[in-house]
């Protein structure tokens, strides 16, 4: 497997050879920022196209097929359109909070990007509580949504924001608990540690029943966390027109739109990390030849590929199920997912204590 | 009929009787309420279904004709009440006897200025609150300067006047607020994805829970009834396409039947069969659209496309024969406009072949889904008594257990010869309304199956005089539209134009019942309930 830390290390050495230390850090930050923005924009464009095509396939349609080959340039055209659209300024809104909200939402998802394991050695920050950091920063997004709903001074947005607050705070519990289950299994909060622990077998296979339960709960809660159907109540278009972002226009609306797709990627990415080995190729214990072949596929492709497959599942949910009602949504979380999750955590502890699980590489801190 | 007449004349000596196609009782206003009560409560009479209230201006007097039917027998009856006071016309309200009268009387007030004593809501229904004059009065001034097109924001009243009779028989005017002072009122509509047109619900909510809904309509009111009074009979027909535009054939059929009955025209057998096939095709198309839009309201967007596939197939069939996909203008007085397309039979058979497969698919994707069940079962329960009280007909009424299918209760055209079931369900919730329509698609397919191979040869249209004059008189016709009983009242003064053409659409009661069945539910349920009632705004607004 190619270790991308060789590349980053080489760049670091190159820069250090003719720059002062502080300048090296600044330059590297700028470079990473640019890379992140680029990846962010490209992923969003890809996801917009991907969802449209998938949804079209579900609905017996063709989807975008006019702009560029197979409609590939359609999302570029849409992005350009949204960039040049007018930002309509509204009376009677809280100007500062109204403008701040989309940036909070997008900042939250960008911060979460920082800890995703893109490939072997390809990670922006890697420290011992990576997963904890991820959960912490992804909660900032709900703040942006609440602010957006409140500052718009519109009854629909307010209801949308309140729904969103109730929903995200509730489902964060489920996400947190299913993550803890897997962290307990891996024995570390470090993202690299979790990936390395799966070098022999992905957690979804080695983790026994509790890992599968945790995965299902994580996918349900993750869908709710990203405000996607069937949990898209904060922006339920047939009830609240567009929910919390009804009053937004131009690129401010675009930020919400982008953040939704990027959050989809983050949720899928974290699921990949926790259950499908992150960038770790598919390894089956004992099949050395097969494992060697798998190692030849570059690690970023493993990571992005797995994340895209998982996001396909989330998109599949959206285009199949009708929407839940707010009380049913909360009942699902508090009455079903949360107790199951707590029970599952105990089950996982038992599995670990009695060693009922499959092969797990010991984590070397 | 004779027995009804005898019974009423014994109880109400002041009543006079007139036999048109429907027995009409003329009664002084003072006795209206007790007559209404007798008609509804007497076990033999049992006229519990108020079809419509026809406001009338006979030039020397103003008045109303109440058309009644029954949920238990097939009789119909009309009550006529009038007042000669043109300045301050007042009649007694029957809204305590039939709840739906509250909204019917508002319509009469809006168009004729007749105030109803005892009705708790005397706002205009369709026109702006500052509209000058009452348009359906014969002396209405149509000068556009009186009612200029406003570029100001729409004014609305938060309260209503009501006129109540006190113990001494004196009439007092009182003011009432629609909402309580500190209610949080959310405006759902007129521009809203789930109101199925420009309908507006002013919704008082407590958190997510709905306290009260005030239905505000009239945004697509075009004054069809008024326009018809200046048009010849054949010209009035094309408006029927523009009421329930998802199922225009049935409405055309209704008005044609009424005019044909008045003119004594015998419709050729071929035309009758074609009309019925078209009606039932429309019903399938309309119910398919219902399934699609309803599922979309619930967030299941994909179902829309599955349902639209069948609808498209039907619209293509219509297109070939009628030359249009929505506004067909196909039924004419005496028959139909054009003969069937040469591929018609083959196309319809192709449709019938794919229908069962599609319905199975709909059930697989949507009906069995656990989220769907949670969203629909037990939501917006309308009891049978309330359905009759609110005149909620069509699939929505039948889902509540009221066998109100006009094709069975008051058979017209060739429906009495056909073998089909009336779909009646008991639950009365949104799921029942949904399933009821699903099953009706199957029944409609059954009707078409019986007819498609037996379309008789012959004329498609009877001989109708170029200038059609109807004799002096009045006629009333009910047909089963896709959303309920569609009724037409026609009064002729012997000229080429109708003296009064009253259209009683099924969607007005459907919208009126929303408040009753949503209060206490969640905002999301309003969408479910509204969608499952399947009202069409141009139909209620006319």
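The values are calculated or read from the model by the stated rules, or taken from the named source; none is laboratory data. Please read all numbers here as calculations on a predicted model, not as lab measurements. All Cβ positions, even for glycine, are placed from backbone atoms using ideal geometry, and neighbour counts span all protein chains on display.
Results for (1) part of a helix (DSSP H, G or I); (2) more than 25 Å from residue A:56 (Cβ to Cβ); (3) touching a strand residue (DSSP E or B) at 6+ places or on another chain (Cβ under 6 Å); (4) more than 14 Å from chain B (Cβ to nearest Cβ), shown as yes or no for each residue.
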site: A:259; (1), (2), (3), (4): yes, no, no, yes
site: A:266; (1), (2), (3), (4): yes, no, no, yes
site: A:281; (1), (2), (3), (4): no, yes, no, yes
site: A:297; (1), (2), (3), (4): no, yes, no, yes
site: A:302; (1), (2), (3), (4): yes, yes, no, yes
site: A:310; (1), (2), (3), (4): yes, no, no, yes
site: A:317; (1), (2), (3), (4): yes, no, no, no
site: A:324; (1), (2), (3), (4): no, no, no, no
site: A:330; (1), (2), (3), (4): yes, yes, no, no
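Within the stretch B:73-106, being assigned to a loop (DSSP other than H, G, I, E, B) and closer than 17 Å to residue B:390 by Cβ holds for B:93, B:94, B:95, B:96, B:97, B:98, B:99, B:100.
Taken across the stretch A:136-150, residues that are within 14 Å of another protein chain (Cβ to nearest Cβ) and either farther than 18 Å from residue A:270 by Cα or in contact (Cβ under 8 Å) with a residue 24 or more places away in the chain (or both) do occur, with at least one present. Residue check: residue B:444 meets all listed conditions (1) buried (at least 19 other Cβ atoms within 10 Å of the Cβ); (2) closer than 15 Å to residue B:529 by Cβ but one, namely (2).
Here the stretch B:358-398 is the region considered, the condition is being without any contact (Cβ under 8 Å) to a residue 40 or more places away in the chain and away from chain A (no Cβ under 14 Å), and the residue that is nearest to residue B:47 (Cα to Cα) is B:385. Each residue in the stretch B:57-68 was checked for being crowded, with 24+ Cβ neighbours inside 10 Å and farther than 17 Å from residue B:22 by Cα, and 1 of them qualify. Here residue B:116 clears all of (1) touching a helix residue (DSSP H, G or I) at 6+ places or on another chain (Cβ under 6 Å); (2) part of a loop (DSSP other than H, G, I, E, B); (3) touching a residue at least 40 places away in the same chain (Cβ under 8 Å) except the condition numbered (2). Of all residues in the stretch A:27-53, exactly one satisfies the criterion of being within 14 Å of another protein chain (Cβ to nearest Cβ) and either in contact (Cβ under 8 Å) with a residue 60 or more places away in the chain or loosely packed, with under 13 Cβ neighbours inside 10 Å (or both), namely A:51.
For the stretch B:462-498, residues that are surrounded by fewer than 19 Cβ atoms within 10 Å (Cβ to Cβ) and in contact with a strand residue (DSSP E or B) (Cβ under 7 Å, 6 or more places away or on another chain) total 5.
For (1) exposed (fewer than 14 other Cβ atoms within 10 Å of the Cβ); (2) closer than 28 Å to residue B:529 by Cα, each residue gets a yes or a no:
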residue	(1), (2)
B:130	yes, no
B:135	no, no
B:139	yes, no
B:161	yes, no
B:177	yes, yes
B:185	no, yes
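Scanning the stretch A:54-77 for residues that are away from chain B (no Cβ under 14 Å) and closer than 24 Å to residue A:307 by Cα returns A:64, A:70, A:71, A:72, A:73, A:74, A:75, A:76.
Suppose we filter the stretch B:517-529 for residues that are in a helix (DSSP H, G or I) and either touching a strand residue (DSSP E or B) at 6+ places or on another chain (Cβ under 8 Å) or without any contact (Cβ under 8 Å) to a residue 24 or more places away in the chain (or both); how many remain?
Our first condition is that a residue be in a helix (DSSP H, G or I); within the stretch B:517-529, this holds for B:517-518, B:523-529.
This time we only want the ones that are either touching a strand residue (DSSP E or B) at 6+ places or on another chain (Cβ under 8 Å) or without any contact (Cβ under 8 Å) to a residue 24 or more places away in the chain (or both), so: B:518, B:523, B:525-526.
Of the residues in the stretch B:517-529, 4 are in a helix (DSSP H, G or I) and either touching a strand residue (DSSP E or B) at 6+ places or on another chain (Cβ under 8 Å) or without any contact (Cβ under 8 Å) to a residue 24 or more places away in the chain (or both).
Here is a list: B:293, B:301. Which entry is surrounded by fewer than 23 Cβ atoms within 10 Å (Cβ to Cβ), within 23 Å of residue B:514 (Cα to Cα) and within 13 Å of another protein chain (Cβ to nearest Cβ)? Sole residue among the options that is surrounded by fewer than 23 Cβ atoms within 10 Å (Cβ to Cβ), within 23 Å of residue B:514 (Cα to Cα) and within 13 Å of another protein chain (Cβ to nearest Cβ): B:293.
In the stretch B:304-335, the qualifying residues are those that are surrounded by fewer than 23 Cβ atoms within 10 Å (Cβ to Cβ) and within 14 Å of chain A (Cβ to nearest Cβ), and the one that is nearest to residue B:353 (Cα to Cα) is B:313.
With B:338, B:353, B:346 as the choices, which residue is more than 14 Å from chain A (Cβ to nearest Cβ), touching a residue at least 40 places away in the same chain (Cβ under 8 Å), surrounded by fewer than 15 Cβ atoms within 10 Å (Cβ to Cβ) and over 24 Å from the mean Cα position of the chain (by Cα)? The unique qualifying residue is B:338.
If the condition is being in a loop (DSSP other than H, G, I, E, B), within 14 Å of another protein chain (Cβ to nearest Cβ) and surrounded by fewer than 18 Cβ atoms within 10 Å (Cβ to Cβ), then the stretch B:194-243 contributes only B:207.
Every residue, every condition in (1) modelled with pLDDT of 80 or more; (2) within 14 Å of chain B (Cβ to nearest Cβ); (3) touching a strand residue (DSSP E or B) at 6+ places or on another chain (Cβ under 6 Å), yes or no:
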site: A:231; (1), (2), (3): yes, yes, no
site: A:234; (1), (2), (3): no, yes, no
site: A:237; (1), (2), (3): no, yes, no
site: A:249; (1), (2), (3): yes, no, no
site: A:262; (1), (2), (3): yes, no, no
site: A:269; (1), (2), (3): yes, no, no
